[in-house]
Amino acid sequence: MTVLVTGGAGYIGSHTVRLLQEQGRDVVAFDSLEFGHAAAVGSVPLVVGDVGDRDAVTDVVEKHGVDAVVHFAAYKSPTESMTKPHLYFGNNAAKTAAFIETLHALGVGNFVFSSTCAVYGTPEKVPVAEDAAVHPESPYGESKAMTEKVLSWYDRCFGMRSISVRYFNAAGAWPDGSIGEDWSVTVNLVPVVMKAALGRRGPLQVFGTDYPTPDGTAIRDYVHVLDLADAHVKALDYLAGGGSSTVLNLGTGVGSSVLEVLTTAEKVIGRPVPHEFVERRPGDPVALWADNRRAVDLLGWRPEWGLEGILSSAWAWHSTHLDGYED
């Protein structure tokens, strides 16, 4: 089985590519390099192209004998999507729909889709299970929900099987600090904490201290990027074994508050992280973490990394790569 990983030079994509390679699997990365980095792919074949380009996709599938796909390639900022919805519906939804049709025409039948917990919007209760209502609150979340629908119809119409994995807050890096998240293009909490600790930005802003949580700050589910990569590989194996199409949450099942992340980071780093307390951001949920039992049962997947390990690996990457991949 040759696996095509779109967005394979990006954050989660590059970790999945490396894990597949280390397991001795045939893998090829496909990335536009708009936000990805060739250096993150290492020795794995990298094809530079756009998933909406039928000819480019056809060429890589036929040349490399691709029979399974992990699709990461997408824009991923809910905030940006509110001001530039056309980018998200055009790239994440329309181009992905064209990509799926190209794969169907080429006979590629197994598809693992990188979705998001943003499809739930603000859930009525936590932990969030897969049967929770899907009501996105941004074009980003909507674009992912639209793709999930496209995939469900391609299964019903053509038997193209897929798993849409809705993950929560990806964080961390490869344990030796050799690849990690590009903090120049993300506003996620963990890289922002690292940037503040290393003096590459001003103090970390803690948005809101009056939430109805034990310490007053918002709670999220932080899952290590290697645990996510492992889940994608297990999803490929599930489909290869004849598994049915489904959607799965990928999270630790445990919520951590912003202050917990901050204090744990200070413990890992060994010094204070500059920070300041500011007002809440409109629309931020109080608490959001995953009910991951379905992924555990179906895939035999279990997250191995806790918060301290996540932050230790992130520090190993960011503290040695102050300018990222420098490409």
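What follows is calculated from the coordinates using simple rules that are stated; it is not laboratory data. Predicted model, so just to flag it, every value in this text is computed and none were measured. So basically every Cβ, Gly included, is an ideal-geometry build from the backbone, and we count neighbours across all protein chains shown.
If N is the number of residues in the stretch 25-181, what value comes out of its Cα radius of gyration divided by 2.2 N^0.38 Å? For the stretch 25-181, the normalised Cα radius of gyration comes out at 1.08.
Of all the C-alpha pairs in the stretch 23-101, what % are more than 17 Å from each other?
51 percent
Over the stretch 189-327, the Kirkwood radius and the radius of gyration, each from Cα atoms, give a ratio Rg/Rh of 1.03.
Note on Cys117, Cys157: ascending count of other Cβ atoms within 10 Å places them as Cys157, Cys117, the fewest first.
Sorted ascending by nearby beta carbons within 10 Å, beginning with the fewest, Val134, Val258 become Val134, Val258. Spatially, the stretch 115-140 and the stretch 186-218 are offset by 23 Å when compared through their Cα centroids. Take 230-239, 186-195, 272-281 and order them by the average number of nearby Cβ atoms within 10 Å per residue, most first; the result is 230-239, 186-195, 272-281. For the chain, the calculated P(r) over all alpha carbon pairs, in 20 Å bins from 0 to the bin holding the longest distance, is 33, 60, 7 percent.
In whole percent, what relative contact order does the stretch 232-301 give with Cα contacts below 8 Å and a gap of six or more residues?
Numbers: 38 pairs, mean separation 37.9, N = 70.
Relative contact order for the stretch 232-301 comes out at 54 percent.
May I ask for the angle, rounded to the nearest 10°, between helix 225-240 and the longest principal axis of the chain, with both axes built from Cα atoms and the value confined to 0 to 90°? Helix 225-240 sits roughly 20 degrees off the main axis of the chain. The aspartates and glutamates within cross-link reach of Lys95, meaning a Cα-to-Cα straight distance under 12 Å and a gap of 8 or more places when in the same chain, are Asp50, Asp53. Here is the size of the stretch 129-191 from its Cα atoms: Rg then Dmax, 16.0, 45 Å.
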